[in-house]
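J.: What follows is a structure written as structure tokens; I'll ask about it next.
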Amino acid sequence: MPTDKTTLGFWLYIMSDCVLFASLFATFAVLRGSEDIFSLPFVFVQTLALLISSFTVGLAFVTKKQNTFLILTLLLGLGFLGLEVYEFKNLMLEGFGPSHSAYLSSFFALVGTHGLHVAAGCLWMLVMLVTQRFYQLQRLVLFWHFLDIIWIFIFTFVYLFGII
Amino acid sequence: MKHYFDGLILSLLFTLLSFGLVGMHVHMNHTAIPHELLYVVLPLFAVAQLLVQTVYFLHLPQGNGWNKFVYGFAILIVVLVVGGSLWIMSNLQHNQSEMFIGEPSPEHQLD
Amino acid sequence: MYLLQSSGIIASQEASLIIQATLLMLIVVVPVFVLLFFFAYYYRAGNHKARYSPNWEHAKMDELIWWAIPLEIILVLGALTWGSTHALDPRKPLPSTVPALQVEVVALPWKWLFLYPSLGVASLNTLEIPANIPVEFHITADAPMNSFWVPQLGGQIYAMTGMDNRLNLMADKPGDYPGYSANYSGAGFAGMHFVVHAVAQKDFEAWVAATASTSPVLDQATYSALRAPSTEQERTYAYRIDLYHAILKQFGH
Amino acid sequence: MSLFGLLTPQAFIHGPIETGAQIIVIVAVLVTVLAITYLGRWRWLWQQWLTSLDPKRIGIMYILLSFVMFGRGFVDALMMKSQQALAVGAPGYISPDHFAQLFTAHGVIMIFFAAMAFMFGIINLVLPLQLGSKDVAFPLLNSISFWLTATGALLLNLSLVVGQFAATGWLAYPPLSELAYSPGVGVDYYIWALQIAGIGTLLSGINFLTTIATMRGHLRLMQMPMFTWTTLGSMLLVIFAFPILTVTLALLALDRTLGFHFFTTDLGGNAMMYVNLIWAWGHPEVYILVLPAFGIFSEVVATFSQKKLFGYTSMVVATMLIVVLSFMVWVHHFFTMGAGADVNAFFGIMTMAIAIPTGVKVFNWLFTMFRGRIIFATPMLWFIGFLTTFTIGGMTGVLMSIPAADFQLHNSLFLVAHFHNMIIGGVVFGFFAGFTYWFPKFTGIMLNERWGKAAFWAWIVGFLMAFMPLYALGLMGVTRRLDHIDVASGLYTQPWAHWLFDIAAAGAAVIALAVLFQIIQIIVSIWNKHKHHVGENPWRSQGPEWQEPAEPLHERSARGVAIGAVAALFGFGLIWHIWWLAALALIGILLSLITLPKPEYAD
């Protein structure tokens, strides 16, 4: 982790985002209800996709083959988002939309905010690939790893606890 | 390169452990493992994976003093905000839940 | 000053706590004022008699002192806090040989509804209680957040939807004690006050009997009308349905 | 839904007094635009100021924004004080709903757009000079942050012209702020003005902390001036507290806009969680404001006692202790909500614990004066005023940190007097001291001392008259936010209730006089510049910021103004549910971020 100005500034942004997610986790934990709406294999696939993408984005930074690994990471990221959108659509169709209850409101807010961050990461990767300018790659890698860490806590406290 | 690979393996390990436990628990229709144990072990796996990714992926140890200080301060604030909020809200809920909310008979129901 | 001439067992304990804590803090505050004005005067630029040591900016002993003094004051205050918070917990029943009178309080948009479950009477914006008898209030709301507060009897507590807050108060002597909402709840907030009439036991029983026989009945329809935002004059009802728990359940989780 | 969402011509029509405010805003904008056009100054304004990346110019713009908003917040205060004096047993001249908008706007303006803006103004001006870095870590981000704050202020003032503002109190507690009880757009104006300004504040926090961390040159941490240390502490609090505000406002917005149920009274919503979250941000927020004021006083006391600051190390330790403790106290804002004795007692004791480092600072200031040669210039007078009022406020604060005492004092005028004691006595006096102290550094002009001293004495007398009676009224059982006092309310019969309110209103008038003196002071000092011209270091201060002249920096970028303008459209679109406008504005912001130029320092 180099310690120049922009990296520290971005690191501070990531730390502030930790507190943002902490507030969403606290709200989720307080408004928690109990609905049997999650499927274990589904979230397992999502978790694998994000974990492997975290690996490939690291390789994009370490090796010189940025394009190949970034594209791979982008695909995995979009795959993750696709699954999430699919899950949200199904929940809403089954009547478990965000306005169904406080528990589901906080579920959609927490997982949705993480999804928006993943979407922003994907857009960032896309811009990098299009413009072929990789001076921000180091910060994108930090951002992507941070999103995977937040997902660790989401799948543990939201999905696994919800399934138990 | 190897650094990232080790990180992936360790992360995968904890992920598989968590999902495996819950998968087994659900498979044996919620009787195999007591819930309390799960509610302790799963967060431990999550924190373990957090540490793994902090070292292997974020390379925090190679960061300068400020990165580490702000990381530690963030963890402190997250613990204070989440832990504090849970303690306060559960206390508020407990203290204000009607001890004996009897089910009023139907005609008492408000429109 | 209401707070300093309180007429409730809880209010008087809270008032003495306020005075005690203030005196304790004066131990630090008074010297600060004295030092401030003395130094400001004595060490003014014009006074050349005063010693001038521009680089004296560090003294281990002195700094230790004014870390220690505030620490000690706070330790004493902290002990006072731990004790008083537990002693004056609004949920703690008051020591008494007589069982506490149960009064249910419902904060409505800009008015207070008081229900006496065991006596079958209710009242709006006026609260009749027997003096020297502990009263246990169960407080909830069918409105935005309010706060039930009778300064001369004791501290306040919030009235919130779906929540049953408990407050134990007792009037030491008969009298009229004004009550307010202490949390802004909309345009009619300034009109949301009531008066507590603490009366002798027999007068209270007479009031209950008179109210039960002469007052209009508080049924579903009357209650629904009361839910609309308005400021109301004092009024009494007779009632038989368990309104309080129905309101509580309506917002229950 | 029509093309303009909820926006209809009726939104422009208001009651008598509000129409007056509407006209004043429109006329003020028109006059300003015409004056600039007449003087042909648009180009100069655009090139020298609006698009400047020089932290000094951005700082001056922050301070000007702060003065404008302080003026409006102060008019709100005058209206409230006059209404409360007139409305004892009478309706007064302001309707209850309008009065609610007044105290909500007064709180929001004074905290977010007067105090925070002034703080960032002084930090922009002084911090780069104290560090010797001459510039901030991310100049463009600095401009963007300013314009986001300005956009928040714009949206807030716009609520005077079209629609109305929230009538819920400056923290908009649900359920009152939910659609069920606040159907109008008022609360939406509140949410989006604060959300946009809040993001600007968070970005500033990151900017200045990075500046302190990486641009100190050879200046070691323990050599940094005290104002830099307190700014470091304040920025740490900004970075870790503002995300909580962002989440809380976003959840309320989701409730109101998309029908979520976080804080509604039905379907499991829990309004207490809003109170818990907003204050988890709320208390660090007041320390964000007061810490830089402490830093300014440390500089001022050392300079005007012609002595080194006493106990530098314990001042630094005390600052950092306050930073950590400020995240462990927030329940003292809702002791009376119904939590158990253990929770209340714990947070009460933690609140008192903050009084220890603050007490240490006070003693260190006192002993900086000890054996000094004190010059009673205006900044030093502001310091003496600060110590007197802040010590009273600290005492009442520790008093209210005892839960059982707070049960009687919460939400009463006693509380109102306490926090005005801390914010006016601490933050406002601190910023006035800083403004007077550093004014010569950036303008070469010493502010007229005679008018300065007159302004101070009018401020301190006006302040004591305006708020000491509130302590007494609070003990008499008068709650805050009363737009009138009913004859039958039991307060009416209290003997002093009437003229305590009158004294308070008179106090506000004296403060108005003091503000007038300050305006005269600035005009007089600039009008005959020659008489007030001073050299490089008029106070003969050792502070590093005085040692070399501050040369202007000439980098410019229009991106900050652009993002601010698009953010205003985004906010307006969301407030009035004009979805196409909000969507377009969001795309505009994304495009602007994507096309950011490659900075020259990029590797």
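The values are calculated or read from the model by the stated rules, or taken from the named source; none is laboratory data. Quick caveat: nothing in here was measured; it's all calculated off a predicted structure. For neighbour counting, all protein chains shown are included, and Cβ atoms are generated from backbone atoms with ideal geometry for every residue, glycine included. SASA here: full protein model, heavy atoms, side chains in, ligands and nucleic acids out. Shrake-Rupley method; radii C 1.70, N 1.55, O 1.52, S 1.80 Å.
J.: Run the numbers on the range A:118-164: which residues show a drop of 50 Å² or more in accessible area, chain on its own versus all protein chains together, using a 1.4 Å probe over heavy atoms?
T.: The answer is A:Y135, A:H145, A:I149, A:I152, A:F153, A:L160, A:F161, A:I164 - residues whose exposure falls by at least 50 Å² when every protein chain is included.
J.: Specify the residue with the greatest mean-square fluctuation among B:V41, B:V82, B:V52, computed from a Gaussian network of chain B linking alpha-carbon atoms under 10 Å apart.
T.: Highest fluctuation of the listed residues: B:V82.
J.: Another question, if that's okay. Can you compute the charge dipole magnitude of chain D about its Cα centre, using +1 on each Lys and Arg Cβ and -1 on each Asp and Glu Cβ, nothing else charged? Give it in debye, rounded to the nearest 20. Each step should come with its number before you reach the end.
T.: Working: 26 positive and 24 negative charges, 358 e Å.
Magnitude of the dipole: close to 1720 debye.
J.: Can you give the Rg and Dmax of the range D:8-121 based on its C-alpha atoms, in angstrom?
T.: For the range D:8-121, the Cα radius of gyration and maximum Cα-Cα distance read 17.7, 56 Å.
J.: Hand me the chymotrypsin sites (Phe, Trp or Tyr not before Pro) from the range D:68-166 located in a DSSP loop with no more than 16 other Cβ atoms within 10 Å, in residue order please.
T.: Values: sites: D:F70, D:F74, D:Y93, D:F99, D:F103, D:F112, D:F113, D:F118, D:F120, D:F146, D:W147, D:F165; in loops: D:Y93, D:F165.
Passing sites in the range D:68-166 are D:Y93.
J.: Mind checking the per residue accessible area of chain D for me, 1.4 Å probe, whole number of Å²?
T.: Solvent-accessible surface per residue comes out at 32 Å².
J.: Could I ask something else about it? Assuming R0 = 41 Å, can you tell me the calculated FRET efficiency for the pair D:V461 and D:A565, based on Cβ-Cβ distance, to the nearest 0.05? Please report the intermediate quantities before stating the final value.
T.: On the way: r = 43 Å, r/R0 = 1.05.
The computed FRET efficiency comes out at 0.40.
J.: A further question follows. Over the range A:39-163, what percent of the accessible surface lies on carbon and sulfur atoms, probe 1.4 Å? Before the final figure, lay out each step's value.
T.: Values: 3300 of 4310 Å².
Percent of accessible area from carbon and sulfur atoms in the range A:39-163: 77.
J.: Taking a spot 7 Å from the Cα of D:L6 along the direction of its beta carbon, which residues of the range D:563-603 have an amide N less than 16 Å from it?
T.: Backbone N within reach: D:570-582.
J.: Identify, among D:V329, D:N364, D:I13, the residue whose Cα sits farthest towards the positive end of the charge dipole of chain D, taking +1 on the Cβ of Lys and Arg and -1 on the Cβ of Asp and Glu, with the dipole about the Cα centre.
T.: So the residue we want is D:N364.
J.: Another question about this same structure. Quick one: 3J(HN,Hα) in Hz for the range D:530-543, Karplus 6.51/-1.76/1.60 with θ = phi - 60°, rounded, Gly and Pro as x.
T.: Whole-Hz 3J(HN,Hα) from phi for the range D:530-543: 4, 5, 9, 5, 9, x, 5, 10, x, 8, 6, 8, 7, x.
J.: What is the range A:55-115 by shape, rounded, prolate or oblate, if you read a ≥ b ≥ c off the alpha carbon gyration tensor as root eigenvalues and call it rounded for a/c under 1.5, prolate for a/b larger than b/c, and oblate otherwise? List each step's numbers first, then the result.
T.: Details: a/c = 6.67, a/b = 2.95, b/c = 2.26.
In terms of gyration-tensor shape, prolate.
J.: Still on this structure, I have one more. I'd like the distance between the alpha-carbon centres of the range D:269-288 and the range D:447-517, rounded to an integer number of Å.
T.: For the range D:269-288 versus the range D:447-517, the Cα centre distance is 29 Å.
J.: Tell me, what % of the accessible area of the range B:1-59 is carbon and sulfur with a 1.4 angstrom probe? Mind dumping the intermediate values first?
T.: Details: 2410 of 3010 Å².
Of the solvent-accessible surface of the range B:1-59, carbon and sulfur hold 80 percent.
J.: Still on this structure, please answer the following. When the Karplus curve 6.51 cos²θ - 1.76 cosθ + 1.60 is applied with θ = phi - 60°, which whole-Hz ³J(HN,Hα) does each residue of the range A:45-61 get, with x for Gly and Pro?
T.: 5, 4, 5, 4, 4, 5, 5, 5, 5, 5, 6, 5, 5, x, 5, 4, 7
J.: Within 10 Å of each Cβ in A:40-49, how many Cβ atoms from other chains are there, averaged over the peptide?
T.: Working: counts 6, 2, 0, 2, 7, 0, 0, 6, 4, 0.
Average neighbour count from other chains, rounded to a whole number: 3.
J.: Net charge around C:A210, counting only other residues with Cβ within less than 12 Å of its Cβ (Lys, Arg = +1; Asp, Glu = -1)?
T.: Details: positive: none; negative: C:E128, C:D203, C:E205.
Surrounding charge for C:A210 is -3.
J.: For the pair C:N132/C:S16, report the inter-label distance in nm, with labels modelled 7 Å from Cα in the Cβ direction.
T.: Result: 2.0 nm between the two label points.
J.: Further, regarding this structure: Taking the Cβ-Cβ separation of B:H35 and C:A68 as r and a Förster radius of 51 Å, what is the calculated FRET efficiency to the nearest 0.05?
T.: Plugging the Cβ-Cβ distance into 1/(1 + (r/R0)^6) gives 0.55.
J.: Amide H of C:W112 versus every other amide H placed in the peptide plane: which residues, excluding those fewer than 5 positions away on the same chain, fall under 5 Å?
T.: For C:W112, the qualifying residues are C:N125.
J.: Å³ per residue of the Cα convex hull, for the protein assembly as shown?
T.: Values: hull volume 203.3 nm³, N = 1131.
Each residue corresponds to 180 Å³ of Cα convex hull volume.
J.: Over 16 Å apart: what share of the alpha carbon pairs of the range D:482-589 falls there, rounded to a whole percent?
T.: Tail of P(r) above 16 Å: 80 percent of Cα pairs.
J.: Taking H placed 1.01 Å from N in the peptide plane, check which residues at least 5 places from C:I157 or on another chain put their amide H under 5 Å from its amide H.
T.: It is C:F148, by chain and number.
J.: In the range C:68-83, which residues give up 40 Å² or more of accessible area once the other protein chains are added, compared with their chain alone (1.4 Å probe)?
T.: C:P70, C:I74, C:T81, C:W82
J.: Using only Cα atoms, find the angle between the long axis of helix B:35-56 and the longest principal axis of chain B, and express it within 0 to 90 degrees, rounded to the nearest 10.
T.: Around 30 degrees separate the two axes.
J.: Have a look at the range D:271-286 and report residues whose accessible surface goes down by 30 Å² or more when the remaining protein chains are included, against the chain on its own, probe 1.4 Å, ligands and DNA/RNA excluded.
T.: Buried on complex formation: D:M272, D:M273, D:N276, D:L277.
J.: Then there's this: Got a number for carbon plus sulfur as a percent of chain C's accessible area, 1.4 Å probe? Walk me through the intermediate numbers first.
T.: Working: 6430 of 9780 Å².
Whole-percent figure for carbon plus sulfur exposure: 66.
J.: Moving on to the next point. For the range A:1-80, what class follows from the C-alpha gyration tensor (a ≥ b ≥ c being the square roots of its eigenvalues): rounded when a/c is under 1.5, otherwise prolate if a/b is larger than b/c, else oblate?
T.: Values: a/c = 4.08, a/b = 1.30, b/c = 3.15.
Oblate is the answer for the range A:1-80, as a/c is 1.5 or above yet b/c matches or exceeds a/b.
J.: What does the net charge come to around C:Q13 if you take all other residues with beta carbon closer than 15 Å to its beta carbon, with K and R at +1 and D and E at -1? List each step's numbers first, then the result.
T.: Details: positive: C:K92; negative: C:E14, C:D89, C:D172, D:D406.
Result for the neighbourhood of C:Q13: -3.
J.: Using the basic label-point model (7 angstrom from Cα toward the beta carbon), what is the D:D342 to D:I375 distance in nanometres?
T.: 5.8
J.: Mind listing the phi-derived Karplus ³J(HN,Hα) values for the range D:165-172, rounded to whole Hz, using 6.51, -1.76 and 1.60 with θ = phi - 60°, and x for any glycine or proline?
T.: Rounded to whole hertz, the list is 9, 5, 10, 10, x, 5, 10, 6.
J.: For C:G8, list long-range residues whose amide hydrogen, built 1.01 Å from N in the peptide plane, is under 5 Å from its own amide hydrogen.
T.: Result for C:G8 returns C:D172.
J.: Select from the range A:58-134 those GluC sites (Glu not before Pro) which occupy a DSSP coil region and have at most 12 other Cβ atoms within 10 Å, ordered by residue number. Display every interim value, and only then the final one.
T.: Details: sites: A:E84, A:E87, A:E94; in loops: A:E94.
Answer in residue order: A:E94.
J.: Another question about this same structure. Would you compute, from DSSP H runs of 4+ residues alone, the mean residue ellipticity of the protein assembly as shown at 222 nm, taking -39500 (n - 2.57) per run and dividing by the full residue count, rounded to the nearest 500?
T.: Values: 33 runs with 687 residues, N = 1131.
Using -39500 (n - 2.57) per qualifying helix, the result is -21000 deg cm²/dmol.
J.: Please report, in debye to the nearest 20, how large the charge dipole of the protein assembly as shown is about its Cα centre when each Lys and Arg carries +1 at its beta carbon and each Asp and Glu carries -1 there.
T.: So the dipole magnitude of the protein assembly as shown works out to roughly 4180 debye.
J.: How about the range A:59-164: which trypsin sites (Lys or Arg not before Pro) there are in a DSSP loop, with at most 16 other Cβ atoms within 10 Å of their Cβ? Intermediate results must be reported in sequence, preceding the final value.
T.: Working: sites: A:K64, A:K65, A:K89, A:R133, A:R139; in loops: A:K64, A:K65, A:R133.
Within the range A:59-164, the qualifying trypsin sites (Lys or Arg not before Pro) (loop, at most 16 other Cβ atoms within 10 Å) are A:K64, A:K65, A:R133.
J.: Next question. Using protein heavy atoms only (no ligands, DNA or RNA), what is the total accessible area buried between A and D, 1.4 Å probe, nearest 100 Å²? Please list the in-between numbers first.
T.: On the way: alone 8630 and 25110 Å², together 31130 Å².
In total, this chain pair buries about 2600 Å².
J.: Within a Cβ distance under 15 Å of D:G434, other residues only, what is the Lys/Arg minus Asp/Glu net charge?
T.: Working: positive: D:K56, D:K441; negative: D:E299, D:E545.
Residues close to D:G434 contribute a combined charge of 0.
J.: In Å², rounded to the nearest 100, what is the total accessible surface buried by chains D and C against each other with a 1.4 Å probe?
T.: Values: alone 25110 and 14440 Å², together 31690 Å².
It comes to approximately 7900 Å² buried between D and C.
J.: Then there's this: Separation of the range C:46-74 and the range C:149-170 by C-alpha centroid, Å?
T.: Centre-to-centre (Cα) distance: 47 Å.
J.: What is the calculated FRET efficiency for A:L116 to D:I13, with r their C-beta to C-beta distance and R₀ = 41 Å, to the nearest 0.05? Numbers along the way, then the final one.
T.: Details: r = 39 Å, r/R0 = 0.94.
Efficiency for this residue pair is about 0.60.
J.: Now for a separate question. Classify chain D as rounded, prolate or oblate from the Cα gyration tensor: take a ≥ b ≥ c as the square roots of its eigenvalues, call it rounded if a/c is under 1.5, otherwise prolate when a/b beats b/c and oblate if not. Numbers along the way, then the final one.
T.: Numbers: a/c = 1.36, a/b = 1.10, b/c = 1.23.
Verdict is rounded for chain D.
J.: Further question: Using a basic spin-label model with each label point 7 Å from the Cα along Cα→Cβ, how many nm lie between C:V98 and D:N528?
T.: Here the answer is 7.9 nm between the modelled labels.
J.: On to the next question. At 1.4 Å probe size, with every protein chain present, just tell me what the per residue accessible area of the range A:39-163 comes to in Å². Walk me through the intermediate numbers first.
T.: Values: 4310 Å² over 125 residues.
Ligands and nucleic acids excluded, the figure is 34 Å² per residue.
J.: How big is the range A:39-163 in terms of Cα radius of gyration and Dmax, in angstroms?
T.: For the range A:39-163, the Cα radius of gyration and maximum Cα-Cα distance read 15.4, 49 Å.
J.: A follow-up question, please. Ballpark to the nearest 100 Å², how much total accessible area do B and A bury together, probe 1.4 Å? Before the final figure, lay out the partial values.
T.: Numbers: alone 9200 and 8630 Å², together 14060 Å².
Buried area (both sides, nearest 100 Å²): 3800 Å².
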